[in-house]
Amino acid sequence: MNISNVIQLASAIIIGFGVIVALKQLKDQHEWYRREKALSYSNLYYPELQKTKILLEENFDIISRNDPIPIKEIKDKIEKNKELKIQLNYLLAYYENVGIACFNKIADEDVLFDLMVGTLISFRNKLRNYIDFRREEARNSRLWENFEKLSIKWENKMKGPITKRRPTGAFKKRK
């Protein structure tokens, strides 16, 4: 083997190693963006959502109550204030988008879970009568299904053992 062949082989190895490192960095960057996207679902970035929750709390005690809101109570209050229906649908559409982002791997599920597990499960349980009513009314059994599936998945996860998280970032700590 002459010097030219050795240089070509070394160059190929270095290029191969560079490609592997670049792919790893690309994957890590993608994971970082997914986590960043998950954080963007925080209520801090949605002032409209905060207003919605305040309105729903004032009318239904949605945050402080523990039981599902009876559909008669919801219908009666919506009849008096049409804005409530818009705000209920807005809240449910928001959580539907969270479910879509999670199931389609647009946003990181671990971050979303930490960010909103309690609220998401609580709102599904409190609004289940309204969800069922709107599905029947719209003749659409898939209405808010990603929200519901994610809530059920997380509720089951909460019942199980605490799992160890995957490491954040490109490098794992050495033991």
- Message: Looking only at residues that are in contact (Cβ under 8 Å) with a residue 40 or more places away in the chain and polar (S, T, N, Q) in region 123-150, which one is nearest to LYS105 (Cα to Cα)?
- Response: ASN146
- Query: Consider ILE62 against the criteria (1) surrounded by 10 or more Cβ atoms within 10 Å (Cβ to Cβ); (2) over 17 Å from SER122 (Cβ atoms): it satisfies all of them except one. Which criterion is unmet?
  - Reply: (2)
- Message: Against the condition within 16 Å of LEU88 (Cβ to Cβ) and either among the charged types (D, E, K, R) or out of contact with any helix residue (DSSP H, G or I) (no Cβ under 7 Å at 6 or more places or on another chain) (or both), how does LYS53 come out, does it pass?
- Response: yes
- Message: If ALA101 meets every condition in (1) modelled with pLDDT of 90 or more; (2) of a type in the set (Gly, Ala, Ser); (3) loosely packed, with under 14 Cβ neighbours inside 10 Å; (4) in contact with a helix residue (DSSP H, G or I) (Cβ under 8 Å, 6 or more places away or on another chain) apart from one, which number is that one?
- Response: (3)
- Query: Does region 64-72 contain at least one residue that is charged (D, E, K, R) and free of Cβ contacts under 8 Å to residues at least 60 places away in the same chain?
  - Reply: yes
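Give the residues of region 122-156 that are under 19 Å from LEU56 (Cα atoms) and either of a type in the set (A, V, I, L, M) or not assigned by TED's automatic domain parsing to the domain that holds PRO70 (or both), sorted by residue number.
Within region 122-156, LEU127, ILE131 meet the criteria.
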- Since LYS157 meets every condition but one in (1) modelled with pLDDT of 95 or more; (2) over 18 Å from LEU55 (Cα atoms); (3) in a helix (DSSP H, G or I), which condition does it not meet? (1)
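The values are calculated or read from the model by the stated rules, or taken from the named source; none is laboratory data. Only a predicted model underlies this, so the values are computations on that prediction, with no experimental measurement involved. Cβ: placed from backbone, ideal geometry, glycine included. Neighbour counts: every protein chain shown.
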